[in-house]
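The values are calculated or read from the model by the stated rules, or taken from the named source; none is laboratory data. Because the structure is a prediction, the values reported are computed rather than measured. Using ideal geometry, Cβ is built from the backbone for each residue, glycine included, and neighbour counts are taken over all protein chains shown. When the accessible area is computed, the model is the full protein with side chains, heavy atoms only, and any ligands, DNA or RNA have been set aside. Shrake-Rupley method; radii C 1.70, N 1.55, O 1.52, S 1.80 Å.
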Amino acid sequence: MLIDSHAHLQDPELLPDLEAVLARAQAAGVEGIICAGYDLTSSKLAVELAGRYASVWAAVGLHPENLASLEAETFAELARLAQHPRVVAWGEIGLDYVNGAPDRDRQKEAFRRQLVQARALNLPVIIHDREAHADTLAILKEAGPRPRAGVMHCFSGSAAFAQECLALGYYISFAGPVTFKNARRVREVAATIPVERLLCETDSPYLSPEPYRGQRNEPARVLEVAGRLAALFGETLPTFAPHLTANARRLFGLEAFPGDSLRRPGHTILEDLREGEEHAREVR
Ligand code: NI
């Protein structure tokens, strides 16, 4: 049994097909999925899904590419959402300099602010860092070390950077790229992470692992990622998966929750969305 420590089930690519996606995950042995928010709407949907499906937990937060609104009310609303008992992390948050990032100061402000909020709520954080390793590390150091501080999601840094994150209390998570043919460096770094700090994820619907590269990704494929990690440590998936699952349970505090994958009673999210649309039409 595995836990997909990072997926966007609320993404429009996955949501219309969610029942089938979750059924395939369950059939593949995925017992839990952390559904990460990236803006206010996606955070609300993550909480909604976590309330509906026993195998889903939520994270809320503003991704560095979704900083349209940095008003106090946005952060207050996220903090309210985070009170929900199925919210187990704050994220994804961080820095993304891939497209030149003319808004670096804004990104840093949102990142710092959310690190403080997460700490006040005693939630681990999910860190997004693309081509911003130095600034990410500087801000994480500023926030200081904390046990179970969070996870460096889809890690792309060096082994030395990983060691700095580990020292601050972060776990290190790998996604599809660890399976890519040209990703020897990512595998070399993954092999240096202590097993008790390693996580696996899909980042669905993005980053589909080999042999599905380029396709829409979904949580069932976390098996490909975990299998590749197992091989790096000279183990097989059945012997290695329990380590990865225990790590996710420890970081996100999932021990308090039942591990079954039964769907919660009530409507499906799609039924609710359809009702919402009908209601909107009536109002118009
Ligand atoms: Ni993501």
Query raised in the report: Given a Förster distance of 30 angstrom, what is the FRET efficiency for residue 41 paired with residue 106, based on the Cβ-Cβ distance and rounded to 0.05?
Result: 0.95
Query - Whether the chain is rounded, prolate or oblate, judged on the alpha carbon gyration tensor where a/c under 1.5 counts as rounded - result: oblate
Report task. Return the long-range amide H neighbours of residue 30 (sequence gap of 5 or more, or a different chain), with a cut-off of under 5 Å between placed amide H atoms. Result -> 2
Requested in this report: Compute the separation of the alpha-carbon centres of segment 192-234 and segment 134-165 and state it in Å as a whole number.
Outcome: 20
Query - Debye-sum result for segment 105-158 in log10 I(q)/I(0), which assumes one identical scatterer on each alpha carbon, at q = 0.13, 0.14, 0.24 Å⁻¹ - result: -0.29, -0.34, -1.03
**Report entry** Built amide H within the under 5 Å cut-off of residue 6, gap 5+
**Finding:** 34, 202, 203
Query raised in the report: What does the charge dipole of segment 179-223 about its Cα centre add up to, to the nearest 20 debye, if the Cβ of each Lys and Arg holds +1 and the Cβ of each Asp and Glu holds -1?
Result: 220
Requested in this report: Work out which helices of the chain, taken as complete DSSP H runs, extend at least 20 Å along their axis over the Cα atoms and score a mean Kyte-Doolittle of 0.0 or more, then list them.
Outcome: 237-252
Report task. First compute the accessible area of segment 1-102 with a 1.4 Å probe, then give the percent of it belonging to carbon and sulfur atoms. Result -> 54
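Just to be sure I understand: of the beta bridges DSSP finds with both ends in the chain, what percent are antiparallel, rounded to 5?
Just about 5 percent of them are antiparallel.
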Query raised in the report: Among 20-29, 84-93, how do they line up from the highest to the lowest mean number of other beta-carbon atoms within 10 Å?
Result: 84-93, 20-29
Query - Most to least packed among 231-241, 56-66 [average Cβ atoms within 10 Å] - result: 56-66, 231-241
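May I ask you to derive the relative contact order of the chain, considering only C-alpha pairs under 8 Å and at least 6 residues apart, and to give it as an integer percent?
21
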Query raised in the report: With every protein chain present, what is the per residue accessible area of segment 2-283 (1.4 Å probe, Å²)?
Result: 41
Report task. May I ask which residue of 153, 115, 137 lies farthest towards the positive end of the charge dipole of the chain, with charges of +1 (Lys, Arg) and -1 (Asp, Glu) on Cβ and the Cα centre as origin? Result -> 137
